[in-house]
Amino acid sequence: MLKYRADYRPASCKVISAGLDISIFDDRTFVTTTLELERAGDDPFLLNGRELTLHELSIDGRVLDEADWPVSEAGLSLEGLPAKCVVRTRAECHPESNTALEGLYLSGGMYCTQCEPEGFRRIGFFPDRPDVMTVFTVRIEAGREFPQLLSNGNLVETGEIGDDRHYALWHDPHPKPSYLFACVVGDLDLAADNFTTASGRNVDLHIYVEKGNTHLTGHAMESLKRSMRWDEDSYGLEYDLDLFQIVAVSHFNMGAMENKGLNIFNSKFVLADPSTATDEDLDRVESIVAHEYFHNWTGNRVTCRDWFQLTLKEGLTVYRDQCFSADMHDEGVQRAGDVSLLRAAQFPEDASPTAHPIRPESYREINNFYTPTVYEKGAEVIRMMAGYLGRDGFRRGTDLYFERHDGNAVTCDDFVAALADANDRDMSAFQGWYKQAGTPKLSVSRRIEPDGITLDLAQATPETAADTPREPLPVPVRLGFIGADGQPVRTRLDGENEARDEHVLLLDGAAAAFRFVGEAGSGPMTPSLLRGFSAPVRLVDDLSDEERLHLMAHDSDLFNRWDSAQMLATGAILSLAGGEAVAIEPLAAGYRRILGDGMLLDEFKAGTLRLPGLAVLEAARSPADPVALFGARRGLLASLGRALASQIAAAIDARGKMVETAGGRALLTQLVELGVAAGDAHAITAAADMVADRNMTISQGGLKALIHSDDPAREQALKAFHDRWQADSLVMEKWFQMESMSSVGGTLDRLDELMRHPGFDPKNPNKVRAVLGAFMAGNTPRFHAADGSGYSYMADRLVEIDKRNPQIAARMALPMTRMANYDGSRQQLMRAALATIRAGAGSNDLKEVVDKAL
């Protein structure tokens, strides 16, 4: 059944306080909820409940007969409640058999929870909606074989119950909705530290992990402390409890969850050091730790009124974690990474059957809206507004937002209003970004004149499956000009008196023209457009390859240097895929200039050498042949490997020095990958040697370089990596990925073998994604096989997964729906596979995704 944003009604009761009593036994768990209510309306008050057995219901101490229980499909629908009352329920749930990993479930010997978005209703009867915020007091009871009994807030007391059981009592003084409740019961090791806030308060920091893993928590702990300090320095926001806890869980559907004061993490985003995790993994751990911590204010203290407002907390917090990562590392490198993800994940979504605005108007299953649109595009909308207001103006707006709404559940409109009111600015035009799906196309053309240059800008939003409005949106365009000598040219915009190195234009209509005049003697100049990717649009301009090479060599905006290389590489791959001859040397010369520039970071050089992925390439060609594009991309890698042979050899010879820094490691692995693609024996030997390195960035980099090679070194390297790490569950996920992604060895039979491996657990989402997700994302020739065998295979697997874990099945099905840009025969094969999925799907999660595609 569809739910609509327009149908929102406030809850008919306020929950003044909530008491939970959770008693865990081997074969069942009893949950007693005690709710102090105050009526706020006349509608029935719904206590959501799902897959629960109700044992008792009382109102103000009066126990209702079972025949009088107001049971509905969604839970308990209470009518005629007094103005103030206490409602108590006692229910039974079964975490030991919960494979959906929502609510309370058993993972690796510990009990843990995942309540966002609607998991609490699997634990106990409760108004499971984000706008019902209350103060929780939680008592947890379990056997003494589980020493840790953890929940949100501060620990009040502990005690023994007989010889074999004990309890803990927790109280969280800050109101929160049920989706932020958390509970963990287990026998875990503790890594402890502390943090002193700006106001001098001491906060205890606890990270709980499975036995023997505390030595892998140091990076996560330091990341947490850096996040806490950054939020104080950047936004004036201090942590508000005496204790902050993180628990690493092996079976987890998401990356992490920001439960108030008790974050629960997928273990792969906590357990990491340089021997078991790559530098990119470590950066990802830092980013996710920061993201979840930043939610303490942008999501917890101020939360969303309903799930249609999900981007209110997620888009804003992604923007904040991106800014944090840029401050911790390099802004240009970070921005290139952010945009790469947006183009690879969100732009295709905007063009797919599952397209939706960052604030959708309807949904069937809210689990399906934890998407790149809500998160990454939502962050880009925040970034545009922050750029429009400036750093100080945006800070004034967020200060007012927290001042107005602390402790409340609010809307995206409330956030935009706070930005507007704090700066006395009209922000209403930006509301369009919340309402419209689709990636706007920004077209820029030039009119060269004797005394200047006019830029004609136009925008158009394509039709989407969401069928939302397609009105012009406010598009901020940062730009500058680069002269023939490679230096920035100061230009004056008509209507202004001052010449500048850079301008910010706001295109808020369908089209506009802007005329610039360069300073005397400036000569020919090349426009550097959409600097820093100032808006989430597809840019179409009239620059030549020679001009892009000029920007690649000289642009003062690092993002545009990187993006010029991306555009040139995209053009070369498309030409190769179409059977055209490509002049490699000009592009190779551009890369040589980048590699030889001593002012650039090695991380930036490595990122520039990384060719665009298949999602970007497919979007640039219609109809797209993914297998041909994969082959053309491999062909360009090989050609560049030959053209850059001397640079590759020099890097391999300097390996001892390059491995000392993260940038050096990134550049070395990228160059070795080019060499292996070219069939260079020296590079193949180097890659095989790298697999044995003690640093995981180097080891995995060597393995990744080999996986598409038919050289015997590939199988030898995979075996060596497996034999070395077979006892480490997390590192083995890397091996599963590399095996599945190999276009040489990753056959369908091999996938079956991998899923029979002792280290594979079909109930563990990480393992499923490592084999099947990696196959769809990285093994293009096998997944997109011309006979449709890859699609059929995945259809059968997704039906199986749906029976255990609907969330994972629905998310993994998305690549099967991205077919609009393929030719008719391939679309027919994909539709046949989707029909198989629809016939076997048992969950709303998977059905919604497939129904939209068909």
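In terms of Cα atoms, the Rg and Dmax of segment 651-703 work out to 9.6, 27 Å. Each 10 Å bin from 0 upward holds the following percent of the Cα-Cα pairs of segment 393-549: 10, 31, 29, 20, 8, 1, 0. Summing charges over all other residues whose Cβ lies under 11 Å from the Cβ of T661, with Lys and Arg as +1 and Asp and Glu as -1, gives -2. Taking only the Cα atoms of segment 239-298, the ratio Rg/Rh comes out at 0.98, with Rh defined as the Kirkwood radius. The Cα-based radius of gyration of segment 192-338, divided by its Kirkwood radius, gives an Rg/Rh of 0.95. Note on segment 628-737: the C-alpha convex hull projects to 6.8 nm² when averaged across all orientations. The calculated pair-distance distribution of segment 284-376 uses every alpha carbon pair, bins of 10 angstrom beginning at 0, and gives 16, 44, 33, 7, 0 percent. Partner aspartates and glutamates whose Cα lies under 13 Å from the Cα of K14, excluding those fewer than 8 positions away in the same chain, are identified as E36, E38, D42, D43, D128, D131.
Would you mind working out the accessible area per residue for segment 593-709, using a 1.4 Å probe, and quoting it in Å²? I get 37 Å² per residue for this part. The value of relative contact order for the chain, using C-alpha pairs under 8 Å at least six residues apart, is 8 percent. Which pairs in the list K211/K704; K763/K803; K377/K763 are over 19 Å apart, alpha-carbon to alpha-carbon? Too far apart for the 19 Å limit: K211/K704; K377/K763. Simple rule: put +1 on each Lys or Arg Cβ and -1 on each Asp or Glu Cβ in segment 512-669, find the dipole, and look at L611, A553, A535; the Cα lying farthest toward the positive end is L611.
For Cα pairs less than 8 Å apart in space and 6+ apart in sequence, what is the mean separation divided by the residue count of segment 244-303, i.e. the relative contact order in percent?
31 percent
Taken one residue at a time, the phi angles of segment 422-432 give Karplus couplings (6.51, -1.76, 1.60, θ = phi - 60°) of 5, 10, 6, 10, 8, 9, 4, 4, 5, 4, x Hz. Gly and Pro are set to x. Scaling the Cα radius of gyration of the chain by the globular reference 2.2 N^0.38 Å produces a ratio of 0.97.
With the convex hull drawn around the C-alpha atoms of segment 436-493, the volume per residue stands at 109 Å³.
Taken over segment 109-175, the convex hull of the Cα atoms encloses 96 Å³ per residue. Using only alpha-carbon positions in segment 748-854, the gyration tensor eigenvalues give semi-axes of 21, 17, 10 Å once each is multiplied by 5 and square-rooted (largest first). One compactness figure for segment 564-691 is 1.05, namely its Cα radius of gyration divided by 2.2 N^0.38 Å.
Computed across segment 365-407, the Kirkwood hydrodynamic radius from all distinct Cα-Cα pairs reaches 11.9 Å.
In deg cm²/dmol and to the nearest 500, what is the mean residue ellipticity at 222 nm of the chain if only DSSP H runs of at least 4 residues count, each as -39500 (n - 2.57), divided by the residue total? Walk me through the numbers before you get to the answer.
Working: 29 runs with 339 residues, N = 854.
Estimated from H runs of four or more residues: -12000 deg cm²/dmol.
Check T276: other-chain or 5+ apart residues with amide H under 5 Å from its amide H, H built from backbone geometry? Those qualifying (amide H under 5 Å, at least 5 residues apart or on another chain) are M696.
Kirkwood Rh over Cα pairs of segment 343-480 into Stokes-Einstein at 10 °C, 1.306 mPa s: D in µm²/s?
On the way: Rh = 16.8 Å.
In µm²/s, the coefficient rounds to 95.
Taking Lys and Arg as +1 and Asp and Glu as -1, the other residues whose beta-carbon sits under 10 Å from that of F136 total +1. In the calculated pair-distance distribution of segment 53-185, the portion above 27 angstrom amounts to 24 percent of the Cα-Cα pairs.
For a quick protection proxy, order the peptides 478-491, 315-328 by their average other-Cβ count within 10 Å, most packed first.
Details: 478-491: 18.4, 315-328: 22.5.
So the order, starting with the most tightly packed, is 315-328, 478-491.
Here the chain has 48 percent of its accessible surface on carbon and sulfur atoms, given a 1.4 Å probe and all protein chains in place. Summing Lys and Arg as +1 and Asp and Glu as -1 over all other residues whose Cβ lies under 11 Å from the Cβ of Y167 gives a net charge of -1. For the chain, the longest principal axis of the Cα atoms and the long axis of helix 558-577 meet at an angle of about 80 degrees. Projecting the Cα atoms of M690, F25, T303 onto the charge dipole of the chain (Cβ charges, centred on the Cα centre) puts M690 farthest toward the positive pole. Convex hull of alpha carbon positions in segment 117-244: directionally averaged projected area 9.5 nm². Using bins of 10 Å that start at zero, the share of Cα-Cα pairs per bin across segment 489-545 amounts to 17, 51, 30, 2, in whole %.
The values are calculated or read from the model by the stated rules, or taken from the named source; none is laboratory data. Everything numeric in this text was worked out from a predicted model, so none of it was measured. Because the Cβ atoms are built from the backbone with ideal geometry, glycine has one as well, and the counts that use them run over all protein chains shown. Please note that ligands, DNA and RNA were not included when accessible areas were found on the heavy atoms of the full protein model with its side chains. Shrake-Rupley method; radii C 1.70, N 1.55, O 1.52, S 1.80 Å.
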